[in-house]
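Here the structure comes first, spelled out in C-alpha cells, and everything after it is commentary.
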Amino acid sequence: MKIPQNLPRFSDYTREEALRLLLEKEYGCPPPQPDTLEFHVVRREEDAFAGKAVHATVEAWVTFQGRGFSFPFHLVCPKAGQPVPGVVLLNFTPAVPAPYLPSEELCDLGLAVASFHCGDVSPDNGDFTSKAGGLFQVDRSLPTAPGKLALWAWGASVVREYLAACPEIDQKAVAVAGHSRLGKTALLAGALDKRFQFVFANESGCSGAALYRGKQGETAADIQRVFPYWFSPSFASCTGDPEQLPFDQHFLLSLIAPRKLYVSSAAEDLWSDPAAEFLGCLAASPAFEAAGVPGLVGAGEEPQLGQACHQGNIGYHLRAGKHFLSREDWRQFAAYLFLHREK
Ligand code: GCU
C-alpha cells in the first residue's frame, strides 16, 4: 500500500486553480451569495439535556432574486460559562439527539453542535427544483451546475454564519463535520469556507478523503452511476478511468491547509476503503507542509487499528467496526480539537 506513482501534483496548481478544477469537474460551482439571510429563533429550551445545555431551534431565511426559502437547524450549547468550540454537523435526520448526534455526550465533551438535516436544504435525490435548488434556479443542463454535495455544503456555511454571531461559541474553534456522503460534504464545505478552522470527515470514502487511484470498494464510476446528482453533470465524463483524472482527492484535502483536518476510518468499512482514506491524508501532507504546518504526523506507511494520530494538522484514526459515526469517533475528534484549539 503506497501512494500511487501517477498522482497529479497539487503543487502544480495555485489554490484557486485547484479549487476551480474540483468544482468544474467534480462537485459543481457553489451557489452565489444570497441577497438576504436572516435567522429566527423559533424555540429555545433553557434546561435541555438534564439542564446542562441550551437547545435553540433556528430557522434560516434566505432570499435570492425575489425568491425565498428557509430551513431549520438546531444548536445545542453546553452551559460552560465561557465560549466553547462549535461544530456544524450535517446530518441525515432533523432529530436531536440522533444516532450520529449523541447530544448529551457531546455537551459533556464541551462541544456546542449546530446540526441540520441535509434534506431540509435539498432532498437527497435528483430534484433540483425545490428548496435551495429552486431558490438558486439550479440548471442541471450546465456542466458545472452544483450537485447536492455543493448545495449541502452551502447549507453548512449558512449555519456557520449564524454561529459567527453567537458569543457562546469560540470563533477560533469552529468545525464542520459529517459522516459518509455528509463527510464528503464536510470536506467540500471546509475547502470552500475558511471560517471552518476544523474539518471532521468520518468514513467519507469515495469522493471524500479516499484517493480514487488504487481504491478498493466503491469507485468513481460506481458513485457517479448511482448518485449522479451528488456531483456536477461534468463529473460523468471524468469517471471512466481514475488513472486519467486530472486531480485526485488529496486536492480536496489539501485545500483545507493550513487549517486542521481530521479524517477517520472504520476497519470493516471496505466500501469506503480505510487504506485509501489514509493514503489521501498522506498525499495531502505536502500541501500542509508547504503552508508551514505539519500534515499527518507519526502515522507510518499504513493505518494501524486503534491508533490515533493527533499531532499534526491532519489527524487520523482507524477504529474497529463498521460504517457509523460512533461515540468513539466523536471522542477522538473532540480530543483532537481541544489539543489544537488556539488559546
Ligand atoms: C453509499 C455510497 C457512499 C456513501 C454512503 C453514505 O454507500 O455509495 O459513497 O458514503 O452511501 O452516505 O452512507
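General observations
- Within-12-Å neighbourhood charge of C238 [Cβ basis; K, R +1; D, E -1]: -4
- Pairs with C-alpha atoms separated by more than 25 Å, drawn from the list K194/K322; K25/K194; K52/K148; K131/K172; K79/K172; K131/K322, are K194/K322; K52/K148; K131/K172; K131/K322.
- Global geometry of segment 33-188, whether rounded, prolate or oblate, following the gyration tensor of its Cα atoms and the 1.5 cut on a/c: prolate
- By a 1.4 Å probe calculation restricted to protein chains, E105 has an accessible surface near 80 Å², given to the nearest 10.
- Positive minus negative residues near L339 (Lys, Arg vs Asp, Glu; Cβ under 13 Å): +3
- Whole-number D in µm²/s for segment 83-174 (Stokes-Einstein; Kirkwood sum over Cα pairs; 4 °C, 1.567 mPa s): 90 µm²/s
- Most mobile listed residue (S207, S265, S141) in the chain, GNM with C-alpha springs under 10 Å: S141
- Near Y229, once Lys and Arg are set to +1 and Asp and Glu to -1 for all other residues with Cβ below 10 Å from its Cβ, the sum equals 0.
- The chain: most fluctuating residue of G155, G295, G240 per GNM, C-alpha cutoff 10 Å: G240
- Note on the chain: Rg/Rh from C-alpha atoms, Kirkwood Rh, equals 0.95.
- Considering only Y162, Y27, Y229, the mean-square fluctuation computed in a Gaussian network model of the chain, springs between alpha carbons under 10 angstrom, is largest for Y162.
- Overall form of segment 123-210 per C-alpha gyration tensor (a/c, 1.5; a/b vs b/c): oblate
- Straight Cα distances below 16 angstrom link K2 to the aspartates and glutamates E243, D248, D273, E277, E301, E302, with same-chain residues fewer than 8 positions distant left out.
- For segment 265-338: rounded, prolate or oblate by the Cα gyration tensor [a/c cutoff 1.5]: oblate
The values are calculated or read from the model by the stated rules, or taken from the named source; none is laboratory data. All values derive from a computational prediction rather than experimental measurement. All Cβ positions, glycine included, derive from the backbone under ideal geometry; neighbour counts span all protein chains shown. Just the protein is used for accessible areas: all its heavy atoms, side chains included, with ligands, DNA and RNA removed. Shrake-Rupley method; radii C 1.70, N 1.55, O 1.52, S 1.80 Å.
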